[in-house]
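See below for the structure under consideration.
The values are calculated or read from the model by the stated rules, or taken from the named source; none is laboratory data. Please read these numbers as outputs of a predicted model, since none were measured by experiment. A quick note on method: Cβ atoms are made from the backbone with ideal geometry, for glycine too, and the neighbour counts reach across all protein chains shown.
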Amino acid sequence: MSLMRRRNGSSRLDIKEAERNYLVTTDTPAEVSMKDIKIEIRGDTLTISSKIKKEKEKVEKGYVVREKSQKSFKRSIVIPKGIKAEDISANLDNGILSIRLPKKSK
């Protein structure tokens, strides 16, 4: 089930329920690595965010060119109750972020 629609080029975020956990997946910008990603749970909201800053300097024929860029993304969803927040795991593979949200035992 897709919980977020694409708007203005943003990535879709999906969540699937299994017996023991929920699996959240989303596309990330190509430049993002796992160390750049922040995953937070506050109350019943899961937030995934990243901010990448790049600086490049080039000296050519007496000119200095400095380029600075910044890219960021942020997605938030309301998650079901009964998640074991301390056992959340995530991995990034070929630009797809997967987050496993284990359910608490009944």
Legend entry - Residue, modelled with the highest pLDDT, within the stretch 66-106, restricted to residues that are of a type in the set (S, T, N, Q) and outside any strand (DSSP E or B): Asn94
Inset, instruction - Could you grab me the full set of residues in the stretch 53-101 that are closer than 27 Å to Glu40 by Cβ and among the β-branched types (Val, Ile, Thr)? - result: Ile77, Val78, Ile79, Ile83, Ile88, Ile96, Ile99
Legend entry - Of residues in the stretch 15-35 being of a type in the set (D, E, K, R) and at pLDDT 90 or above, the one farthest from Ala85 (Cα to Cα): Lys35
Inset, instruction - Check whether at least one residue in the stretch 81-102 is surrounded by 11 or more Cβ atoms within 10 Å (Cβ to Cβ), in contact (Cβ under 8 Å) with a residue 24 or more places away in the chain and basic (Lys, Arg), and report yes or no. - result: yes
Inset, instruction - Being among the basic types (Lys, Arg) and over 24 Å from Lys103 (Cβ atoms) is the filter here, so list the residues in the stretch 24-48 that pass it. - result: Lys35
Legend entry - Filter result for the condition that a residue is outside any strand (DSSP E or B) and surrounded by 11 or more Cβ atoms within 10 Å (Cβ to Cβ), over Glu40, Glu31, Glu19: Glu31
